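What follows is a set of notes on a single structure, which appears directly below.
What follows draws every value from the coordinates through simple rules; no lab data is involved. Note that the structure is a prediction, hence the values are computed from the model and not measured. Please note: Cβ atoms are built from the backbone with ideal geometry, for glycine as well, and neighbour counts cover all protein chains shown.
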Amino acid sequence: MDDALIPEGAKRCAFPIFLIGIIIVGAVLLWGVYAMFLCWIKGLNQTNMNDYYGFALWIWADLAVIAVGGGAFFTGLLKYIFKVDELKNIINFAVIIGFICYSSALLILAIDIGQPLRGWFIFWHANVHSMLTEVAFCLSCYFAVLTIEFIPNILENRQVNKVPFFHHLAHNMHGVMAVFAATGAFLSFFHQGSLGGVAGVMFGRPFAFREGLLIWPWTFFLFTWSAAAFGPCFTLLVTKITEIITGKKLVGDKTVNLLAKISGWMITTYIIAKIIDTIYWAYVTAPSMGFKLSHFYSDNGFYGYWILITEVILCGVVPGLLLIIKSTRENPTTRTIAIILGVIGVCLNRWVMVLQIMAVPVMSFDSWALYIPSWQEVATTILPVAYGIILIAFAYRYLPVFPQELELNESADAAAQNG
Amino acid sequence: MIENKKAHKFGMVIDLDKCTGCGACMVSCMSENNVPFKEDESNKKDSITWMRVYKLTNGKSFPETEIAYLPRPCQHCGGIGDHGHSPCVSVCPATATDYGYDTGIVSQIYTRCFGCRYCMGACPYHARYFNWWDPKWPEGMENYLSPNVSPRMRGVVEKCSFCYHRYQLARERAMVEGREIEEMEYQTACTTACPAGAIVFGDLNNPAHKVHQIVKPDPHPDPMNHKVVGKSRNPNVFRLLERLGTNPKVYYMSEREWVRKAGDNYLKGEWENVKTHHGASSSHG
Amino acid sequence: MKIDRRSFLGLGLGAAAGIALSPVGVKLTDDSSIWTQNWPWTPVPEDGKITYDRSVCSLCPGACGISVRKINGRPVKIEGLVDHPINNGGVCPHGISGLQYLYDPARIKTPLKRNGNKFEKISWDEAISLVAQKLGEIRKNGAPESLGLITGGGSGSMAHLFDRFMGAFGSPNTYTMPSLESNLALTAAALHSADQSLGFDLDHSDFILSFGAGIIEGWGSPVACIQANASRRERKAKLVQVDYRLSNTANAADKIIAVNPGTEADLALGLCAVLLAKKQISTNTRYGDVNKFPFAAMLGKEYTPEKVAAITGVKAADIEALAMAFIEAKAPVAVPGKGRGDTGSLREFTAVQALNALAGRLNKKGGVFVMWPAGYLSFPENVMDAVAEQGAGKAKLAGSVNELADKLEKDGGLSALFIYNANPCYALNAPEKIKAAMDKVGFKVSFSSFMDETALRSDVILPASIFLERLEDVVSGAGLAKTVVGLCRPMVKPVFDTKHPGDALILLAQAMGAGMAQSFAWESYAACLEDVTEKIWDNLSGDGYVVIDDKPPVGTPATDFTFLVSAPKAALSNGEGEYTLVPVDKMRLASGSMTSSPFAVKTVPDTVLSGKYSVVEINPATAGVLKDGDIAFLKTAMGTAKVKIGFNEGILPGVIGMPRGLGHAFNNPYVAGKGVNVNDLIGPVIEPGSGLDAAFGIKASLSKA
Ligand SMILES: Nc1nc2c(c(=O)[nH]1)N[C@H]1C(S)=C(S)[C@@H](COP(=O)(O)OP(=O)(O)OC[C@H]3O[C@@H](n4cnc5c(=O)[nH]c(N)nc54)[C@H](O)[C@@H]3O)O[C@H]1N2
Ligand SMILES: Nc1nc2c(c(=O)[nH]1)N[C@H]1C(S)=C(S)[C@@H](COP(=O)(O)OP(=O)(O)OC[C@H]3O[C@@H](n4cnc5c(=O)[nH]c(N)nc54)[C@H](O)[C@@H]3O)O[C@H]1N2
Ligand code: SF4
Ligand code: SF4
Ligand code: SF4
Ligand code: SF4
Ligand code: SF4
Ligand SMILES: [Mo]
């Protein structure tokens, strides 16, 4: 039915099956959209946020998708600037994932703010001292860059590409992509960092506050670094999931292992820095404000040392090692375990740096505050996931996302059903 | 810090040994500032109270138990080194909350705030409140709203303003008459209401003002913590979370040691060392 | 023109670019933000000229001077009146919230008549003639004594006007809700002489021995008392609190004497006994005291420190030390009246006052003043017609509201009842019993401003304007050692179709004709007030208040100890259970007749009210399996309620403290339907000899819900 749109030579499932899949995910999407409109029309009383939890599930989701979306800028940086050519096999997909993540992040922000129609005040009345201003500027600019990076891939659709103008446009854009990749990397460095800065500059919150370099707290650098380190894990994870769903191999092992290896080294170096930061904070920064480490991990029903150990050791040190050791990296099972742990690790880090900060009491007579999100918050948080699945489904079906697809599936195609 | 001789630095000192926890300050504030109310206000995490009175206990069993009430308006923090970068002001991306260098008052511009709530996260005193709901008054009750403080719309943050409109009225009057405003001319609604006379408000920069005389603020940075400026030289006076370097302009006073200790966080053994240290009285006395 | 894909796409892109570059987007974005800044459903208060007007708050017996800020005549804020002799600028949370009462959703907006289960709006003319007709029938039937009146007490012109109405009507059946004032009046009557009252000169005392009085929690004139306490440090005055719970007053005290609930009288008598034994009273002995020797004999026999220690739980040595500290102070005073002073037995009040008497603290600076009524009112002689004379000689049905309720429930006795300034169906213990008693009365007329529990049960409501809408003289009392008459002035025209209750009463009397009309010959309450306050009117209307007296009365009054010699021992609390439930007053919650405002309720912490649950205080040591925050069933002989458990180290083990002032049941979602009315769980224990409800609590049990 839609054969004319499907990339040449590629096998795709029958249109009705595709449609059914889209309808199922679309229903989830609509649920999210309904919740989103509830929040816009009735206000944020639809959430379980409160004056202790001004930042909650959404801001975590926001930070998490931006972190895992970091695969796009980092892969782009490697491919276009450091000329790691092997990554051409995954760069399209990395960009699409990045696009999804960043568009989701912007959407979440538009729901999260109490006065969405005044959202632009952040640009118009910008306060240069605020990390959030930096985030807003870099995030919007980088989203524009990602859009530009995504466009050539869209223009490669079989029908669109027939239009000579678009054909040439796509070609020329590929040519200058290095410029955008560099811009993207630069912007990403800042907004990933300033997202880390959001927490680190809060000198009223000893759990969050970090010393740093000039105006940037250590969390600034740790966030950029962790996004670069764990972003590729997410790219690989989504690739793996897509491969499982489509039943096809889409990216060659060489590419996968290369990206995994780079990620492994990034994770390992990051986690060393993170451990140093944690120790310095636990033994110098927090005590200087009168807090013992145990204050942050006791006297409440949820946050214990387990969360610190899980984040740093189980989901930091372990995946780092698994990915730098050749044998575990090249074993698909241990590699997959590592990338899953890595994605969990970075999400947990963002959780801690948003929600645990809000939970910890600061005044000696205050108490821990725990919170459970409302369904509206959950639905609007799942909304981007559904949207991402749909966008990936369309991109995979109609765009030549994976350059290696045909070559990797030649033999299999003859026998197997397509996915 | 701004060494402008003309600049005011409004602040208060609250005598916790006098405070009875009656709540008159809270209600006076709500009534003065058009603070709305909902049917159920028992969840204190979404209940807008610019002034909130906390109840502290010494944690001992009856009959050794002691309590203290601690009224908490916005602390009008001067930020690290008292340079005006309050925890909240420095993070607001839209400059919707600002530091008044001429008054020391941290303002809140409701019509500019777009409700990102970053400032709330940054404030360790929970002095900021978000309008989760549209403010609503029972039929007819809007009639008592004061035009001097605009009612806030849903989706923005609000907090204690040190009754800034009272300052404006006093300043206008003084300006017309070509003089400085007087101590008693600008008093906040919580101060005047307090039946116990527990709150003293005035200009911390003005040695003639009672608040200055009680607090005796040390204008120099604390030699033990350079982030801290304006430490009191009165041994019974302290600030909340002073060690963080937020430099509040709200001071507290108590003769009870456990109450003073509850004002901040201390590691084991630290309190014994710091409790006697009060803004280098000998060198600057 | 043929539109191919290429030109279509081109056109589309061009149009998009065009719109993006045009000012349309910018304009819409800007407009939408301006719209959010001016949402039509967010009110914009009208601006105008600021003025200040002075008046008096009469929400409680405090009688504080207030200043009302207005914008173009529209009241926007209530503040304390600086330099006022009672409160000098201070106010309490309830007074500040006054404007919320003005627009209260539960306000009664027009006169109402019961029709089956509903109320029906009627005009004032109809209402007055309806009531006049019913009352006329009662008089025609020759039973004027069957009209009853329950009031909140007070001693201003309104109280006199109601008394006058009852007198002219021919009924002796006037009952006052228990209050600190009524308790002090009873105490004075029992020990000194009728018609007197007591004032405690806390401002000048250097040793205040409080028997559970919530001096900073609403006792007496709340703001004046808080101020007296606040000045203690400068004055070097001590406060010793006798209590079983770390109330805020106990917390503020220099010393707490932990006492078993309900044994305050025994402690006071024990202290008297020590003074006697140590011959500390000899120099203060006064010729003229009555029955002192039997009293002394009783003290010596039954109130030795050891015996008192066994009853009260206070060590014998501490009792002696306390007595000596008291007598050795320069200006000591003993203060009776647990909490707000509205509960407790007469034995307790008189025992404490006996201590003052023995210590020679009567009519001394810093002591207790035995005061005569303000006496500024001069009403013309009441005109007693034949029917009035007929009823005037009849005996009262009962000695107190509580006894009245008992009597009514058992054998009726009233054919009509006026309720003014009282909400007995909420404020008295066992309100269900009170409601049943009220149902025995054929015709109930309420003068309430709010559709509260009692108003809901009346047959006709003549809605009263609230204090902000009316003119009235407000006399201080409430245990103050000075007498100040303040003038409450209308700050705003009545918001609804209500009337001053004085005007309603005058209209009613005039409608009834005969002697009643002659007794109420004023054209309005305002005219009446000016007439009856003639002696002080110029100063009252000029300054807003008149200080009648603020010096100790001259001379020492005689004390008659007869009542104490024969007074029955403390009433035991009834029922079963391992705990003792006691009501606890919170300054931020009004109790009794006054309902808290939305603002006041908002200030109530979640350790007192949590959602729809009252939180009860319990010492963790005696909580058993219950944990902090658990929902539990609290059971007493009177009923069961679902409550939330709140651990509190500051309460005697085995005692459950439950906040008073919650559990209202009427139509105001901001203040009613929250928590339980503790009175529902407590049964009255009537003290023989005084008729007071002496219940200080009740046995109770707790089980997890
Ligand atoms: N906020 C507020 N203020 C008011 C009022 C109001 O409704 N709300 N009402 C006004 C009125 S009408 C009145 S009469 C006054 C009353 O003013 P108070 O009589 O002072 O009032 P309570 O609040 O009843 O006092 C309760 C306290 O008494 C103590 N207590 C209770 N039972 C016992 C006991 O058995 N032994 C001992 N030792 N202590 C006990 C407890 O510590 C408790 O805190 O307040 C006036 N002021
Ligand atoms: N168990 C227990 N029993 C108690 C108490 C307690 O704390 N516990 N408290 C005791 C005490 S201290 C008291 S004072 C009594 C209170 O006794 P209540 O019966 O509570 O008091 P009232 O003052 O008679 O009732 C107040 C009525 O006055 C009306 N009202 C309010 N403002 C105005 C006004 O401006 N004008 C007019 N005309 N009416 C107005 C209201 O509608 C309300 O119905 O209860 C006593 N009983
Ligand atoms: S009004 Fe005064 S006494 Fe009452 S709670 Fe506030 S500060 Fe304390
Ligand atoms: S108390 Fe909070 S809101 Fe007030 S100035 Fe300090 S940080 Fe800002
Ligand atoms: S919520 Fe408003 S005041 Fe607070 S940081 Fe955001 S824009 Fe600024
Ligand atoms: S200073 Fe004014 S705004 Fe601040 S708490 Fe007091 S009354 Fe409220
Ligand atoms: S203490 Fe009583 S009289 Fe004074 S302001 Fe409060 S309610 Fe009014
Ligand atoms: Mo009372």
Length-normalised contact order of chain A, Cα under 8 Å, at least 6 apart, in percent, tallies to 29 percent
Would you please report the Å³ per residue occupied by the convex hull of the alpha carbon atoms in segment C:574-699?
-> 112 Å³
Over what distance in Å are the Cα centres of segment C:41-103 and segment A:290-318 separated?
-> 52 Å
Mean projected area, convex hull of alpha-carbon positions in chain C, reported to one decimal in nm², is 42.0 nm²
Specify the angular offset, from 0 to 90 degrees and rounded to the nearest 10, of the alpha carbon long axis of helix A:164-200 from the longest principal axis of the alpha carbons in chain A.
-> 10 degrees
Under the classification rounded if a/c is under 1.5, otherwise prolate if a/b is larger than b/c and oblate if not, where does chain A fall, given a ≥ b ≥ c as square roots of the Cα gyration tensor eigenvalues?
-> prolate
Counting pairs of Cα atoms in chain B, how many percent are more than 34 Å apart?
-> 18 percent
Counting only the backbone N, which residues of segment B:115-152 are under 12 Å from the spot 7 Å out from the Cα of residue C:41 toward its beta-carbon?
-> B:133-137
Scoring only Lys, Arg, Asp and Glu (+1, +1, -1, -1) among other residues with Cβ under 9 Å from the Cβ of residue C:541 yields -2
Would you pull out the residues with amide H under 5 Å of residue C:614's amide H, same chain only if 5 or more places away, H placed 1.01 Å from N?
-> C:644, C:675, C:676
Could you estimate the translational diffusion coefficient of segment B:60-195 from the Stokes-Einstein equation, with Rh from the Kirkwood formula over C-alpha pairs, at 20 °C and 1.002 mPa s, in whole µm²/s?
-> 124 µm²/s
At a Cα cut-off below 16 Å, give the aspartates and glutamates reachable from residue A:261, other chains included and same-chain residues fewer than 8 away excluded.
-> A:85, A:86, A:253, A:330
DSSP-defined antiparallel bridges as percent of all bridges, the protein assembly as shown, nearest 5 | 60 percent
Under-5 Å amide H pairs with residue B:54, H placed in peptide plane, nonlocal only = B:70, B:72
For segment C:620-705, run through the chymotrypsin sites (Phe, Trp or Tyr not before Pro) and keep only the ones in DSSP coil with at most 13 other Cβ atoms within 10 Å of their Cβ.
-> none
The pairs in C:278/C:482; B:45/C:109; C:307/C:699; A:79/A:249; C:407/C:569; C:307/C:396 lying past 28 Å Cα-Cα in this model are C:278/C:482; B:45/C:109; C:307/C:396
Using a simple charge model, +1 on the beta-carbon of Lys and Arg, -1 on the beta-carbon of Asp and Glu, nothing else, what dipole does the protein assembly as shown show about its Cα centre, in debye to the nearest 20?
-> 2260 debye
Rg/Rg_globular for the protein assembly as shown, with Rg_globular taken as 2.2 N^0.38 Å and Rg from C-alpha atoms | 1.09
Around residue C:381: net Lys/Arg minus Asp/Glu count, Cβ-Cβ under 15 Å | -3
Based on the Cβ-Cβ distance from residue C:235 to residue C:316, what FRET efficiency comes out when R0 is 35 Å, to the nearest 0.05?
-> 0.65
Quick shape check on segment A:218-290: root eigenvalues a ≥ b ≥ c of the Cα gyration tensor, a/c under 1.5 is rounded, otherwise prolate if a/b tops b/c, else oblate, and it reads prolate
Cβ crowding within 10 Å averaged over residues, with C:61-73, C:31-43, B:201-213 ranked highest first = C:61-73, B:201-213, C:31-43
Measure up C:113/C:140; C:70/C:551; A:274/B:268 against 31 Å on the Cα-Cα distance and list the ones that go over.
-> C:70/C:551
Unit Cα scatterers, Debye sum, segment C:310-382: log10 I(q)/I(0) for q = 0.16 Å⁻¹ | -0.74
Which far-off residues, 5 or more places away or on another chain, put their amide H under 5 Å from the one on residue C:694, with H placed in the peptide plane?
-> C:685, C:686, C:687
Integer Hz, Karplus 6.51/-1.76/1.60 couplings in order for segment B:60-67, x for Gly and Pro = 8, 8, 4, x, 7, 4, 9, 10
R0 = 35 Å: FRET efficiency of residue A:279 with residue B:107, Cβ-based, nearest 0.05?
-> 0.30
Got a sec? How would B:119, A:315 order by Cβ neighbour count within 10 Å, fewest to most?
-> A:315, B:119
Tensor-based shape of segment A:1-126 (alpha-carbon gyration tensor, a/c under 1.5 rounded, otherwise prolate or oblate) = oblate
Coil-residue chymotrypsin sites (Phe, Trp or Tyr not before Pro) of segment C:507-587, DSSP, other Cβ within 10 Å capped at 12 | none
Reachable aspartates and glutamates from residue C:365, Cα under 18 Å, same-chain residues fewer than 8 places away excluded?
-> C:201, C:203, C:206, C:234, C:328, C:549, C:550
Pairs B:275/C:255; A:292/B:261; C:238/C:330; B:6/C:49: which are spaced more than 20 Å apart, C-alpha to C-alpha?
-> B:275/C:255; B:6/C:49
Would you work out the relative contact order for chain B, in percent, from Cα pairs under 8 angstrom that are 6 or more residues apart?
-> 24 percent
Using a cut-off of 16 Å between alpha-carbon atoms, which lysines can reach residue B:249, once sequence neighbours fewer than 8 places away in the same chain are excluded?
-> B:9, B:159, B:210, B:216, B:227, B:231
